[in-house]
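Taking it in order: structure first as structure tokens, then the write-up.
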Amino acid sequence: MGYAKERGKLEQLIVKIASINTYDQKSLAILVDSYEKYSHTVRILKNKNADSFMDLYTNELQAIKEAKKTLRESDSDENRQLNFVAYKASIVSALEKTIKTTLDTL
């Protein structure tokens, strides 16, 4: 099965969020949009090949959700910035793992 289309979408998301480093509403909106697009793409991949992508679908999405929840519950600007960076890192990590899996799965 070919995963080039989905991999391309994921690679575009990494490029899109690469320059985001500071918490503000615009940056948060970009990360939320990227998360939603990742979620949709990994769901498509899971439906194509559940054996290869089910762990990513369950574990990586859960890790992103937890990071997002922690960000929402931040009580100070400093904590919000730290949790924002962690949220971004969880999305990037999930994207990279999924891209690697698409390359390793034939």
(message) Test of understanding: among T102, T58, which residue is without any contact (Cβ under 8 Å) to a residue 24 or more places away in the chain and in a helix (DSSP H, G or I)?
(response) T58
(request) Could you please find all residues in segment 48-106 being surrounded by 14 or more Cβ atoms within 10 Å (Cβ to Cβ) and hydroxyl-bearing (S, T, Y)? (result) S52, Y57, T70, S74, Y87, S90, S93, T98, T101, T102, T105
(request) Confirm whether S76 is within 21 Å of K16 (Cα to Cα) and either in contact with a strand residue (DSSP E or B) (Cβ under 6 Å, 6 or more places away or on another chain) or of a type in the set (S, T, Y) (or both). (result) no
(message) Could you check segment 1-17 and list, in sequence order, the residues that are within 13 Å of I91 (Cβ to Cβ) and touching a residue at least 24 places away in the same chain (Cβ under 8 Å)?
(response) L10, L13, I14, I17
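Bear in mind these aren't lab numbers, they're just calculated from the coordinates by the rules spelled out. Because the structure is predicted, anything quoted here is derived from the model rather than measured. Virtual Cβ from ideal backbone geometry, glycine too; neighbours counted across all protein chains shown.
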